[in-house]
Amino acid sequence: GDSVTQMEGPVTLSEEAFLTINCTYTATGYPSLFWYVQYPGEGLQLLLKATKADDKGSNKGFEATYRKETTSFHLEKGSVQVSDSAVYFCALSVRQGGFKTIFGAGTRLFVKA
Amino acid sequence: KAGVTQTPRYLIKTRGQQVTLSCSPISGHRSVSWYQQTPGQGLQFLFEYFSETQRNKGNFPGRFSGRQFSNSRSEMNVSTLELGDSALYLCASSSEVTEAFFGQGTRLTVV
């Protein structure tokens, strides 16, 4: 079945460090891919998305490229800030009758000042 | 544009009771999905409703049910609560495209 695998956390970085969170997926058909972020005590917010192969999603300095050949959608940011500390979820969405969004397990990021 | 509204934000129930959670989607969104989030299992898909019909269902027991009204508002019901049902329940709404917008969730504690 469809699934998303992302790197386990927690990931701890110093401020201004480079961030990569790996995400790979398995899906039948042509999924859309997403990164969501969850801050403490809140729901999930869409961070960025890509709907077809080679699309690059970007927002707030974060980027991810839809790589169909490697079935990956890795999240990157060149210089993290303390305010980026949160849990990041990689997700895919497929049409199976309705739309079904499948999430990875989430990766907790801690950024130290 | 108002976001997805979930009520209540917090609930404490006793084992064996039942509970109903409510979700009001973004205006114009006809698809509402429900998820359970726990530290051990992560985010798990419960079900999706579209125009009052359940279109997708995850692997949860029949104690978990839902419905959607003609105004797209949705409710989720859990009967015969168990301690393991303690979780953050998230609702997401979307339009005909695939992007989902989430509410802040209902934190359910079963004691």
Before we move on, is A:Thr101 part of a strand (DSSP E or B), among the polar types (S, T, N, Q) and open to solvent by 50 Å² or more (accessible area, probe 1.4 Å)? no
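With respect to B:Gln18, determine if the residue is of a type in the set (S, T, N, Q) and within 16 Å of A:Leu44 (Cβ to Cβ). Steps first, answer last, please.
Numbers: of a type in the set (S, T, N, Q): yes; within 16 Å of A:Leu44 (Cβ to Cβ): no.
No; evaluated as a whole, the condition is false for this residue.
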Scanning the range A:30-50 residue by residue, those part of a loop (DSSP other than H, G, I, E, B) and open to solvent by less than 50 Å² (accessible area, probe 1.4 Å) turn out to be A:Pro31, A:Gly43
With (1) touching a strand residue (DSSP E or B) at 6+ places or on another chain (Cβ under 8 Å); (2) open to solvent by 10 Å² or more (accessible area, probe 1.4 Å); (3) more than 25 Å from A:Thr5 (Cβ to Cβ) as the list, and B:Phe102 as the residue in question, which single condition is left unmet? (3)
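From the list A:Thr107, A:Thr70, exactly one residue is surrounded by 15 or more Cβ atoms within 10 Å (Cβ to Cβ) and of a type outside the set (A, V, I, L, M). Which is it? Working first, answer last.
Working: A:Thr70 fails: surrounded by 15 or more Cβ atoms within 10 Å (Cβ to Cβ).
Only one candidate qualifies: A:Thr107.
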Please enumerate the residues belonging to the range B:35-66 that are surrounded by fewer than 13 Cβ atoms within 10 Å (Cβ to Cβ) and either at pLDDT 95 or above or under 19 Å from A:Lys100 (Cα atoms) (or both). B:Gln41, B:Ser51, B:Thr53, B:Asn59, B:Pro61, B:Gly62
Give the residue that is most open to solvent (accessible area, probe 1.4 Å), with candidates limited to residues of the range B:19-31 that are more than 10 Å from chain A (Cβ to nearest Cβ) and outside any loop (DSSP other than H, G, I, E, B). B:Thr20
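Select from the range A:55-67 the residues that are open to solvent by less than 50 Å² (accessible area, probe 1.4 Å) and not hydrophobic (A, V, I, L, M, F, W, C) and write down the one among them that is farthest from the other protein chains (Cβ to nearest Cβ). I'd like the intermediate steps shown before the answer.
At the first step, the residues of the range A:55-67 found to be open to solvent by less than 50 Å² (accessible area, probe 1.4 Å) are A:55, A:57, A:62, A:64-66.
Remaining after also requiring not hydrophobic (A, V, I, L, M, F, W, C): A:55, A:57, A:65-66.
On the way: A:Asp55: 13, A:Gly57: 11, A:Thr65: 18, A:Tyr66: 13 Å.
So, considering only residues that are open to solvent by less than 50 Å² (accessible area, probe 1.4 Å) and not hydrophobic (A, V, I, L, M, F, W, C), the one farthest from the other protein chains (Cβ to nearest Cβ) is A:Thr65.
Quick check on my filter: what residues within the range A:51-91 are in a strand (DSSP E or B) and acidic (Asp, Glu)? Steps first, answer last, please.
Initially, the range A:51-91 is screened for residues in a strand (DSSP E or B), giving A:56-59, A:62-65, A:67, A:72, A:75-77, A:86-91.
Answer for the range A:51-91, where residues must be in a strand (DSSP E or B) and acidic (Asp, Glu): A:Glu63, A:Glu76.
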Restricting to the range A:33-54, what's the tally of residues that are farther than 29 Å from B:Arg107 by Cβ and either within 13 Å of chain B (Cβ to nearest Cβ) or in contact (Cβ under 8 Å) with a residue 60 or more places away in the chain (or both)? 3
In the range B:69-93, residue nearest to the other protein chains (Cβ to nearest Cβ) [restricted to those that are of a type outside the set (D, E, K, R), assigned to a strand (DSSP E or B) and open to solvent by 10 Å² or more (accessible area, probe 1.4 Å)]: B:Leu88
Going through (1) open to solvent by 40 Å² or more (accessible area, probe 1.4 Å); (2) at the interface with chain A (Cβ under 10 Å from one of its Cβ atoms) one by one, B:Thr7 fails only at (2)
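Which one is surrounded by the fewest Cβ atoms within 10 Å (Cβ to Cβ) among residues in the range A:4-24 that are over 11 Å from the mean Cα position of the chain (by Cα) and closer than 21 Å to B:Gln37 by Cα? Give the steps one after another, and end with the answer.
Residues of the range A:4-24 over 11 Å from the mean Cα position of the chain (by Cα): A:8-19.
Narrowing the set further to residues that are closer than 21 Å to B:Gln37 by Cα leaves A:8-11.
Values: A:Glu8: 12, A:Gly9: 15, A:Pro10: 10, A:Val11: 17.
The selected residue is A:Pro10.
The values are calculated or read from the model by the stated rules, or taken from the named source; none is laboratory data. These numbers were taken from a predicted model, which means no experiment stands behind them. Note that we place each Cβ from the backbone using ideal geometry, even for glycine, and neighbour counts take in every protein chain shown. For the accessible areas, the whole protein counts, side chains as well, though only heavy atoms, and no ligand, DNA or RNA atoms are used. Shrake-Rupley method; radii C 1.70, N 1.55, O 1.52, S 1.80 Å.
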